[in-house]
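Engineer: Structure provided below as structure tokens; questions to follow.
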Amino acid sequence: MQQKIRERLEQENRIEVENRVFWSQGRIYNQLHPYGKMVSFGCFGFVFPSIEWEDIALLSQAEREDISRFLSPTSAQAEQPLTPPATAQAPTGTTGIRQLYHGVIEGDIDGKNRIDTLRCEFDLFFEDRVNEEGKLIVNGTYKYPRYGGRAITLSGTYDPNTDLLVLVEYYKSGKPNCTMRVQRTSYGFDGMFIRKNGQTLSLTMTQ
């Protein structure tokens, strides 16, 4: 059994190590992270791993699709548009599309000069209306399961011409805090998480 698991790990995952003069980094490539994700960082002989079980793929894409079809009542129901969530805070009568994303923020999150990852969940509502610049209005929330999962308000825009999604996090008082600028990719969105002090972290959002 363990031999089969090892074979499946090697079949569905690939880890590449980039060695530099003073540092090195390891990235995992699989169907969950087709463009790779940093899972270790080394400096002066010390290695700091950050890989999690959620980063490892054990099922092939075909097997995942078979399971998804089995769990879905019907393919027709799965293709029906979802209703706007209450957390999206969309104005009454506003129509649009609700989209859920799994987010991963990566970088020196705790200010300890080390690479770390922080998972978050996005609940976004892309409205069927635009602002004065012709960009779609986006509202919603996101939360950090590690810190209790309290919903944090988001508001922003999506530019269909450039595929750029810009979201701003707001305090309860209404003051803006962090900003997220991500570009649409084949698997979701990828870009930057910018803190109020100007620190930039990477942000990946997958459905």
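The values are calculated or read from the model by the stated rules, or taken from the named source; none is laboratory data. None of the values given here were measured: they were computed from a predicted structure. Methodologically, a virtual Cβ is constructed for each residue, glycine included, from the backbone with ideal geometry; neighbour enumeration extends over all protein chains shown. Side chains included, ligands, DNA and RNA excluded: accessible areas come from the protein's heavy atoms. Shrake-Rupley method; radii C 1.70, N 1.55, O 1.52, S 1.80 Å.
Engineer: Considering segment 20-49 alone, what residues qualify as being surrounded by 14 or more Cβ atoms within 10 Å (Cβ to Cβ) and either under 18 Å from M205 (Cα atoms) or without any contact (Cβ under 8 Å) to a residue 12 or more places away in the chain (or both)?
Structural biologist: R27, I28, Y29, N30, L32, H33, G36, K37, M38, V39
Engineer: Given the conditions (1) closer than 16 Å to C120 by Cβ; (2) of a type in the set (S, T, Y); (3) outside any strand (DSSP E or B), report the number of the one that T179 does not fulfil.
Structural biologist: (3)
Engineer: Within segment 1-21, how many residues turn out to be hydrophobic (A, V, I, L, M, F, W, C) and either at pLDDT below 80 or assigned by the TED database to the domain that holds G191 (or both)?
Structural biologist: Residues that pass the stated criteria total 3.
Engineer: Evaluate the following for Y187: is it among the aromatic types (F, W, Y), outside the structural domain of F48 (by the TED database) and without any contact (Cβ under 8 Å) to a residue 60 or more places away in the chain? Give the derivation first.
Structural biologist: On the way: among the aromatic types (F, W, Y): yes; outside the structural domain of F48 (by the TED database): yes; without any contact (Cβ under 8 Å) to a residue 60 or more places away in the chain: no.
Criteria not met by Y187.
Engineer: Which residues, taken from segment 180-193, are within 19 Å of T141 (Cα to Cα) and open to solvent by 40 Å² or more (accessible area, probe 1.4 Å)?
Structural biologist: Passing the criteria: R181, Q183, R184, D190, M192.
Engineer: Continuing with this model, one more query. Within segment 128-140, count every residue that is farther than 19 Å from M205 by Cα and either open to solvent by 50 Å² or more (accessible area, probe 1.4 Å) or not small (G, A, S) (or both).
Structural biologist: 7
Engineer: Moving on. Being in contact with a Lys or Arg (Cβ under 7 Å, 6 or more places away or on another chain), open to solvent by 30 Å² or more (accessible area, probe 1.4 Å) and closer than 15 Å to Y101 by Cα is the filter here, so list the residues in segment 141-165 that pass it.
Structural biologist: Listed by number, the residues that qualify are K143, P145, A151.
Engineer: Find the residue count for segment 24-36, including only residues that are modelled with pLDDT of 85 or more and not β-branched (V, I, T).
Structural biologist: 5
Engineer: Spot the failing condition for Q199; the list is (1) surrounded by fewer than 19 Cβ atoms within 10 Å (Cβ to Cβ); (2) under 17 Å from the mean Cα position of the chain (by Cα); (3) closer than 25 Å to G36 by Cβ, and only one is missed.
Structural biologist: (2)
Engineer: State whether the residues of segment 104-117 include one that is on the phi > 0 side of the Ramachandran plot, open to solvent by 40 Å² or more (accessible area, probe 1.4 Å) and without any contact (Cβ under 8 Å) to a residue 60 or more places away in the chain.
Structural biologist: Yes, the conditions are met somewhere in segment 104-117.
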